[in-house]
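The next block holds one structure in the form of structure tokens; read it before the comments.
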Amino acid sequence: MQIDAASDTPLDESSSAPISCETLGTFPIGALDETALFTLDCAGFVTSWSSGAERLQGYHARDIIGQHFSTFYPHEAIVSGSPDEHLTQAATAGRFAEDGWRLRRDSTRFWANIVSTALYSSEGELSGFAQVIRDLSGRLEHDMTSPHQSDESLRLLIESVEDYAIFRLDPTGHVASWNSGAQKIKGYRADEIIGQHFSIFYIPEDIGVGKPARELATAISDGRVEDEGWRIRRDGSRFWANVIITAIRDSSGMLRGFAKITRDMTERLRVTELEHASELSAHVQSAREDAQARVARELHDDLGQRLTAIKMDLSLLGADMSACETSQSMLSQIDRVQEQVDAMVVSIRRIAAGLRPPMLDDLGVLAALDWLAKDFTLRYGIHVKKSVAVELEALTFSDAAGTAIFRIVQEALTNVARHAQASEVTIEMDRTGDICSVRIEDNGCGTIIDTPRNEKTFGLLGIQERVRQLHGAAAIDSTLGGGFRIRVDLPVSALETINKERPHHA
């Protein structure tokens, strides 16, 4: 079918009445340089092409006539069956209009208004379609950034926001506007991302289960959807995001697109994970203390008593054998076994006390520190000077706080024995106002604090974690040849109240 380009009769796009081929033939197709006007046969193949169509979409008539009009649709629209649906609607109603993305010959996208009108022969039979396409890219950009001229200040505000990605999607989920916050968070420039489908921000696992489409569907049905999850930046890195998608409708209720706000919540996620890790660490430490206390009691009470019973039996056996004038060598052997049993009892008591000294539960942390200092001197030959302020002797330490302070000092002394090459250690505890301070200092070889920590040594890390759980602060100081110093400051309120509900060890 040919169209007369010399006529001046306009095409009434607002009418849904059937249009005959003769009426279309009076339309000045060659004069429309700002609008693409062309015709299709009943199957959707291009049968004529205007200069405006060539200018707008980039095809010469010789290149496009005979091609199916789905050539102008993005891939996702073809997959969803939009071209066929478009023609079906036009054939049924006589006319069909929509706004959407279309492709130029160079594969670039533009936002278009499309009107398809059914054409009929003089006998009233469908003979094809006339299609008018207008480039609305300029209007889209205006709508996305400033829906009303009076909203210029809002547009400037949105554009200046850098902590939130604020952008708009078209009804099919393609990015239609982009603010500076979106560029900062996601890494794309506006010219790189506008026209791309928003699923590009989702991780492959979410795309595989259809999450992007599901979120748009929820926004359409409920008006709004909010989600937190992993998203992907331009460089492929992941970040934890809070996402809100809101459906945008015009006054008639037609869906015009979506407003999308994305916040980078990665730092908050890290804080939450640290809080969970801290809770887990506290639980592990508590469980370990309980286990050590249980093993210590069993060693001290059960195994210790059994060894004592064996020693008594050996004593009775030795007395009986002496009465029977048994050989001296056998009596000597019994004496040696008794000595070994005595040594085993001492070792078991030392091991049990190392796991958890009984006086920590029976007499409190200050008495346990006295025992620890004396035992350390006996075992390693390193003199320990210990002083405790009078104000602390009246303080009632909770079970958890007493255990933490004992373990802090114990770990510090262990480090002295292993690394310090010291001859003397000073332990001081005092109170200034609401702060209890614990200081451990040795006169050993010292170290350079800035050197990287051995990843397999967790002594100082364990001290810092215990201090943090008591809401305190720890500081270390050392120089080569100048000894090593640890200072721990703990709020008295935490020492008196933390974990009071924990049962006292028997």
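Overall shape: prolate for region 408-450, with the ratio a/c of the largest to smallest alpha carbon gyration tensor axis at 1.5 or above and a/b above b/c.
If you roll a 1.4 Å probe over region 381-488 with all protein chains in place, what percent of the accessible area is carbon or sulfur?
52 percent
Inter-label distance, Arg55 to Ser221: 4.6 nm, where each label sits 7 Å from its Cα along the C-beta direction.
Protein heavy-atom surface of region 182-242, 1.4 angstrom probe: 51% of the accessible area is carbon and sulfur, with nucleic acids and ligands not counted.
Spin-label model, Thr71 to Gln340: label points 7 Å out along the Cα-to-beta-carbon direction sit 9.9 nm apart.
Contour minus end-to-end for Val209 and Ala43, with contour as 0.36 nm per residue of separation and end-to-end as the Cα-Cα distance? Present the calculation step by step, with values, prior to reporting the outcome.
Values: separation 166, 0.36 × 166 = 59.76 nm, distance 3.47 nm.
Gain on extension, Val209 to Ala43, equals 56.3 nm.
Label sites at Arg105 and Leu331, each approximated as a point 7 angstrom past Cα along Cα to Cβ, lie 12.2 nm apart.
Placing +1 at every Lys and Arg Cβ and -1 at every Asp and Glu Cβ, with all other atoms neutral, what dipole size does region 356-440 have around its Cα centre, in debye to the nearest 20?
Numbers: 9 positive and 12 negative charges, 82 e Å.
In debye, rounded to 20, region 356-440 gives about 400.
The values are calculated or read from the model by the stated rules, or taken from the named source; none is laboratory data. On a predicted model such as this, the values are computed, not experimentally measured, just so you know. Note that we place each Cβ from the backbone using ideal geometry, even for glycine, and neighbour counts take in every protein chain shown. Ligands, DNA and RNA are excluded from the accessible area calculation, which covers all protein heavy atoms including side chains. Shrake-Rupley method; radii C 1.70, N 1.55, O 1.52, S 1.80 Å.
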